[in-house]
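Novice: Before we start, here is the structure in question, set down as structure tokens.
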Amino acid sequence: MCGIVGIACLEIENIGKMIRRCLERLEYRGYDSAGIAVIKNGTLIVRKGRGKIAELNKRLKFDEIYGKVGIGHTRWATHGKPSDENAHPHTDCRDMIAVVHNGIISNYLELREKLESTGHVFRSETDTEVIAHLVEEHLRPGSEPLDAFRMAVSELCGTYAIGLITVLDPSKIFFARMTSPLIIGVGEGMNMIASDIPAVLEYTNRVIVLKDGEIGYITPTEIYIEREGRPVSWKERVRVISWSVDMASKGGYPHFMLKEIHEQPLALSNTLSGIEMENIRNICSLLAKSDRIFITGAGTSYHAGLVCDYVLTELAGADVTTFIASEYRKYINAVDERSVLIAISQSGETIDTLMAVRAFKERGCRVIAVSNVVDSTIPRESDMVVYTRAGPEIGVAATKTFTTQIMVLTIMSLTLAYMIERLREAEYRELIRQIRELPTVTESIIRMHEARCMILARYMKNRANAFYLGRGLGVPIAMEGALKLKEIAYIHAEAYPAGESKHGPIALVERDFPVFFVVLDDYYVEAIVGNVMEMRARDAYTIALAPRKYIYKFAKLCDYVIDMPNIDYRIAPIPYIVPLQLVAYYTSVMRGLDPDKPRNLAKTVTVE
Ligand code: F6R
């Protein structure tokens, strides 16, 4: 986690302000401390501290730093608590070198011991600081900083995206990448490095996604990349990104999360028009030939995987196993060349998912990636890819990337069922027609229910716990609803298949305990009515999301109802999550929290 930025420009610029603005676009990656280092007139200026970027800018005046070359960092603490000393950039003993880093240097204790024994003095508890001292150690009189940087990087184990500047070569920013994401922004008279694309969009939409093992440097006019000691040609790797800077700004909304919830109709319609059916059919041919399908992801992406699992199993009769990415080891011996893994990751960089992909590939398994970020690591390492076109998602809680993931996965599952003749053509066409209407359906749900979700949030804001119950495809939606409430409103929320609640969880229910019911499948309506009665009998506060055709039934039984469109249950997960996102958002705001930056969380989890 953590976000890094580096900018090299031809003329003296208000570089502190430029770096600060880029860092703000990366704050979703971590926000417990931040800092900037700039080379000015041959000396290093470093300003850093604990806190969010806006507060630090007032205190440390980032905006008043001028120069041509600088680096910046926004932190999500791993080694060493959030503090002024542990904030990046870190420097060497003589303040000649400054470094920012995202990742974990796993051998830092050995390196630190070795460096301390040769007289280096450390000022922080971080793993990162060893990099500055290592480069200092390798800088012999007459040696090139690039050589010293190369030697230092060769001693590092673990994961890293590094940006480093030194007064000994003041026009360059040195970089290296291993597992943690890093891109180069290719500008006019300026070049940049950053952890993610939104950081550079204000200055350029031309980017190079660096690969593992690549190191090099940028100057305002030059880009040098090498791999295993040999220069790499990069011109053909420059991608023009269609995201605009507006897409990565709040555009009048109080929070990115609210903007991104509201952007779902557009994100769904862009995803729909970007889907290449030829690609989907090729993927389905691969799935049809496989013996076993595995699906993996983390957090929200795992929930999207569960939706796909349900449709593939029920409709296509496939043999599907869905698992949380960090738990992949259990399945390793069940994987071979006849298995296929669907790896879901909006960022394409989540380390747990990437590890599962690599382990499965080693066993000969073919991998299909579903991601929102073009050229990110997981799609790059997969055999086939489907991209969602949600645009950049900055709010830490996934919203529009979730609904677009489900859209892509549902189209894939339905197409497979049709190809293998488990779904008749007329039914397939009808389901695809309903999918095409989802942007409009989602838009009307936001318009009709936003105010009702706010009213519900007023109730939720004073609660300590909540249950989210569903059956069938309602279960992953209940899980996602509970995750949203937990992560941004800090209310303990658990999701269960509704039938399971009687096997333990109901013991917690007492007067006014909120219980959400996700009712999206005719088949389960009566069973869920029974579950509602059980909760009412214990004075729970019951809330149902139910199709319009059943709304009177549920209105008579429940304390609060949200009426949902009468659509096929296999399509319903997409609109059903929207009110639950809104309830979580408004509950967070009413509790005085910042839904864009929930405590202890970072958007892209690049450490195991
Ligand atoms: C929750 C959330 C996380 C991510 C998870 C996986 O709102 O955003 O649970 O879904 O960290 O991230 P990706 O999809 O980037 O692999």
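Residue-by-condition table, conditions (1) in contact with a Pro (Cβ under 8 Å, 6 or more places away or on another chain); (2) assigned by TED's automatic domain parsing to the domain that holds E276; (3) part of a loop (DSSP other than H, G, I, E, B); (4) open to solvent by 10 Å² or more (accessible area, probe 1.4 Å):
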| position | (1), (2), (3), (4) |
| --- | --- |
| G348 | yes, yes, yes, no |
| L354 | no, yes, no, no |
| G364 | no, yes, yes, yes |
| A369 | yes, yes, no, no |
| P379 | no, yes, no, no |
| G395 | yes, yes, yes, no |
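Novice: Let me ask something else. May I ask you to say which residue of S249, S242 is hydroxyl-bearing (S, T, Y) and open to solvent by less than 70 Å² (accessible area, probe 1.4 Å)?
Specialist: S249
Novice: If you don't mind, another one. Which of the residues spanning the stretch 500-520 are farther than 20 Å from Y541 by Cβ and either of a type in the set (A, V, I, L, M) or modelled with pLDDT of 95 or more (or both)?
Specialist: L520 - this is the single residue of the stretch 500-520 that is farther than 20 Å from Y541 by Cβ and either of a type in the set (A, V, I, L, M) or modelled with pLDDT of 95 or more (or both).
Novice: Can you find, within the stretch 381-390, the residue that is farthest from the chain's Cα centre (by Cα) among those that are within 18 Å of L286 (Cα to Cα) and open to solvent by less than 20 Å² (accessible area, probe 1.4 Å)?
Specialist: S382
Novice: Next question. For residues in the stretch 230-257 being assigned to a helix (DSSP H, G or I) and modelled with pLDDT of 85 or more, which is farthest from G185 (Cα to Cα)?
Specialist: If we filter the stretch 230-257 for residues that are assigned to a helix (DSSP H, G or I), which is where we start, we get 235-237, 246-248, 256-257.
Then drop every residue that is not modelled with pLDDT of 85 or more, which leaves 235-237, 256-257.
On the way: K235: 12, E236: 14, R237: 12, F256: 23, M257: 26 Å.
Selected residue: M257.
Novice: Condition first: over 26 Å from the mean Cα position of the chain (by Cα) and either charged (D, E, K, R) or not assigned by TED's automatic domain parsing to the domain that holds I97 (or both). Now tell me which residues in the stretch 155-177 satisfy that.
Specialist: The answer is E155, D169, K172.
Novice: Would you mind stating whether R21 is crowded, with 24+ Cβ neighbours inside 10 Å and farther than 12 Å from D84 by Cα?
Specialist: No; evaluated as a whole, the condition is false for this residue.
Novice: For residues that are at pLDDT below 95 and within 14 Å of the ligand (Cβ to nearest atom), scanning just the stretch 391-414, find the one that is nearest to Y490 (Cα to Cα). I'd like the intermediate steps shown before the answer.
Specialist: Of the stretch 391-414, the ones at pLDDT below 95 are 391-396.
In the following step, the residues that additionally are within 14 Å of the ligand (Cβ to nearest atom) were identified as 392-396.
On the way: P392: 25, E393: 21, I394: 19, G395: 16, V396: 14 Å.
If we take residues in the stretch 391-414 being at pLDDT below 95 and within 14 Å of the ligand (Cβ to nearest atom), then V396 is nearest to Y490 (Cα to Cα).
Novice: Further question on the same structure: Go over the candidates I183, I197, I218 one by one and state the one that is open to solvent by less than 30 Å² (accessible area, probe 1.4 Å), touching a helix residue (DSSP H, G or I) at 6+ places or on another chain (Cβ under 8 Å) and in contact (Cβ under 8 Å) with a residue 24 or more places away in the chain. Write out each step before concluding.
Specialist: Numbers: I197 fails: touching a helix residue (DSSP H, G or I) at 6+ places or on another chain (Cβ under 8 Å); I218 fails: touching a helix residue (DSSP H, G or I) at 6+ places or on another chain (Cβ under 8 Å).
Exactly one residue qualifies, and that residue is I183.
Novice: While we're looking at this one, here's another question. List the number of the failed condition for I104; all other conditions in (1) open to solvent by less than 30 Å² (accessible area, probe 1.4 Å); (2) at pLDDT below 95; (3) of a type in the set (V, I, T) hold.
Specialist: Of everything listed in (1) open to solvent by less than 30 Å² (accessible area, probe 1.4 Å); (2) at pLDDT below 95; (3) of a type in the set (V, I, T), I104 misses just condition (1).
Novice: Ok, one more. From the list E260, E278, which residue is within 16 Å of the ligand (Cβ to nearest atom), in a helix (DSSP H, G or I) and either modelled with pLDDT of 95 or more or more than 16 Å from the chain's Cα centre (by Cα) (or both)?
Specialist: E260
Novice: Could you tell me whether V515 is part of a helix (DSSP H, G or I) and of a type in the set (V, I, T)?
Specialist: Judged against the criteria, V515 is not a match.
Novice: For the stretch 294-308, give me each residue that is more than 8 Å from the ligand (Cβ to nearest atom) and surrounded by fewer than 24 Cβ atoms within 10 Å (Cβ to Cβ).
Specialist: Hit for the stretch 294-308 is L306, nothing else.
Novice: Residues of the stretch 466-489 being away from the ligand (no atom under 16 Å from the Cβ) and either under 26 Å from the mean Cα position of the chain (by Cα) or in contact (Cβ under 8 Å) with a residue 60 or more places away in the chain (or both), which ones?
Specialist: Quick first cut of the stretch 466-489, residues away from the ligand (no atom under 16 Å from the Cβ) only: 466-467, 469-475.
Listed by number, the residues that qualify are A466, F467, L469, G470, G472, L473, G474, V475.
Novice: Report, by residue number, each residue of the stretch 146-167 that is under 16 Å from P89 (Cβ atoms) and open to solvent by 10 Å² or more (accessible area, probe 1.4 Å).
Specialist: Applying the first criterion (under 16 Å from P89 (Cβ atoms)) to the stretch 146-167 yields 149, 152, 160-167.
Answer for the stretch 146-167, where residues must be under 16 Å from P89 (Cβ atoms) and open to solvent by 10 Å² or more (accessible area, probe 1.4 Å): Y160, V167.
Novice: Considering E437, E510, E480, which residue is closer than 27 Å to L258 by Cβ and open to solvent by 10 Å² or more (accessible area, probe 1.4 Å)?
Specialist: Result: E437 is the single residue among E437, E510, E480 that is closer than 27 Å to L258 by Cβ and open to solvent by 10 Å² or more (accessible area, probe 1.4 Å).
Novice: I'm trying to understand the selection: among the residues of the stretch 322-364, which are among the basic types (K, R) and either within 16 Å of the ligand (Cβ to nearest atom) or in contact (Cβ under 8 Å) with a residue 12 or more places away in the chain (or both)?
Specialist: Correct list: R329, R338, R358, K361, R363.
Novice: Still on this structure, please answer the following. Taking the stretch 250-269, which residues are over 23 Å from Q405 (Cβ atoms) and in contact (Cβ under 8 Å) with a residue 40 or more places away in the chain?
Specialist: Hit for the stretch 250-269 is P254, nothing else.
Novice: Could we say that D539 is touching a helix residue (DSSP H, G or I) at 6+ places or on another chain (Cβ under 8 Å), in contact (Cβ under 8 Å) with a residue 12 or more places away in the chain, among the acidic types (D, E) and under 22 Å from A457 (Cβ atoms) here?
Specialist: Details: touching a helix residue (DSSP H, G or I) at 6+ places or on another chain (Cβ under 8 Å): no; in contact (Cβ under 8 Å) with a residue 12 or more places away in the chain: yes; among the acidic types (D, E): yes; under 22 Å from A457 (Cβ atoms): yes.
So D539 fails the test.
Novice: May I pose another question? Only residues that are outside any helix (DSSP H, G or I) and either in the same structural domain as E487 (by TED's automatic domain parsing) or out of contact with any helix residue (DSSP H, G or I) (no Cβ under 7 Å at 6 or more places or on another chain) (or both): list them for the stretch 293-329, please.
Specialist: Scanning the stretch 293-329 gives G317, D319.
Novice: Also, quick follow-up: Looking at Y552, Y524, which is the one that is closer than 22 Å to I446 by Cα and of a type in the set (F, W, Y)?
Specialist: Y552
Novice: Of all residues being farther than 22 Å from M479 by Cβ and small (G, A, S) in the stretch 538-597, which is most open to solvent (accessible area, probe 1.4 Å)? Just the residue, please.
Specialist: Selected residue: G592.
Novice: Return a yes/no flag: does the stretch 490-506 have any residue that is farther than 16 Å from A478 by Cα and under 28 Å from the mean Cα position of the chain (by Cα).
Specialist: So far as the stretch 490-506 goes, yes, one or more of its residues are farther than 16 Å from A478 by Cα and under 28 Å from the mean Cα position of the chain (by Cα).
The values are calculated or read from the model by the stated rules, or taken from the named source; none is laboratory data. Here the structure is a predicted model, which means the values were calculated and not measured. Heads up, the Cβs are rebuilt from the backbone with ideal geometry, glycines too, and the neighbour counts pull from every protein chain shown. Ligands, DNA and RNA are excluded from the accessible area calculation, which covers all protein heavy atoms including side chains. Shrake-Rupley method; radii C 1.70, N 1.55, O 1.52, S 1.80 Å.
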